[in-house]
Each structure stands twice: as structure tokens, then as C-alpha cells.
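K.L.:
The structure that follows is given in the form of C-alpha cells.
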Amino acid sequence: MMKQDKQKRDPRQLNSLALAYMGDAVLELRVRQHLIAAGEVKPNQLQRMAVRYVSAKAQASIVHGIWDRLSEEEQAVLRRGRNAKSATMPKNAEVADYRLSTGFEALLGLLYLTGQETRLDEILTYALEWVEHGAAKPSGKPDNII
């Protein structure tokens, strides 16, 4: 049986949860690189510190911080990811935070898969700074996100 050459799929047409799956890996890798570059080397400390960046709550906060910096297309991808219906919910996250974090990860996944490395780097750099500098918690959810 001959293998058929599969046409390369346009990442913009992928399921939002597939994009989020990729985006989760991209974020995790960037956070790990960041922590090691900052001098952290003990695995148990690395894991505890990484949660500060990758938790649903942290990612939801990042979304509030970057929303106005996103293009209309990026906002649409984030909304689509936020609205994706996941079969599971984590025990330690609010539903709204989990959905925003899924949208954020979908955006990261799309940027990665479409080779928009400069834009991906800009967003990840801002996200790390947002978490590190104790960004103020939003006083309410902006109407244009939710």
C-alpha cells in the first residue's frame, strides 16, 4: 500500500484545542528556558516556579495585559480558543481562567505553526514580564474579551 502524500494543513484551519496543545508546549519551553537562564537549576524549584507562569490564572492575567496589543486576527484566534469546548477541566482553576488560558495557548500555537517567530517572541517576552513584575490583577473582565 502506497503512502499518500498528505497536503500540509493550514494552521489557521486547525481545531483550537490542537492549536492550544501546541501553544502549551511552546509556552512551557519558553518558561523553562527563562528560568534556567535566570540561574535556577534545582528541578523541584524549577517546577514550582514554572507554575507561576503557566497556570490558568497566570495566563488569564496575561490575556488581560496583552489584549490591547493584539491584532484583530490574534484577538479572533484567542476568542475562538477561549470558546472551544474541552472535555475536561482542571481541578484547581476557575472555568473563566481556564478558557482564557486555552485561548492564549491557541494563539501561541498558531503563531508558532505559521512561523511568526518575531511576533511569538514579542508576546512571550511581554507575558514573562507581566508575570514577573507582579502585574495588577484586572479589576473586572474587559467587555471586549469576554
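K.L.:
In segment 14-132, if every C-alpha pair distance is counted and binned at 5 Å from zero, what percent goes to each bin?
P.N.:
2, 12, 23, 26, 19, 11, 5, 1, 0
K.L.:
Now a separate question. Once you put a point 7 Å from the Cα of E73 and another 7 Å from the Cα of T114, both along the Cβ direction, what distance in nm separates them?
P.N.:
0.4 nm
K.L.:
Right, next: Can you put S61, S55, S101 in order of Cβ neighbours within 10 angstrom, beginning with the fewest?
P.N.:
S55, S61, S101
K.L.:
Let me ask something additional. Excluding S16 itself, what net charge comes from residues whose Cβ is under 10 Å from its Cβ, given Lys and Arg +1 and Asp and Glu -1?
P.N.:
Spelling it out: positives minus negatives among the neighbours equals +3.
K.L.:
Tell me, in nm to one decimal, what length is gained between Q45 and Y126 on full extension, where the rule is 0.36 nm per residue of separation less the Cα-Cα distance?
P.N.:
Length gained, Q45 through Y126: 26.9 nm.
The numbers here are math on the coordinates, done by the rules we state, and not lab data. Owing to the predicted nature of the structure, the values given are computational and were not obtained by experimental measurement. In this analysis, Cβ positions are derived from the backbone assuming ideal geometry, glycine residues included, and neighbour counts consider all displayed protein chains.
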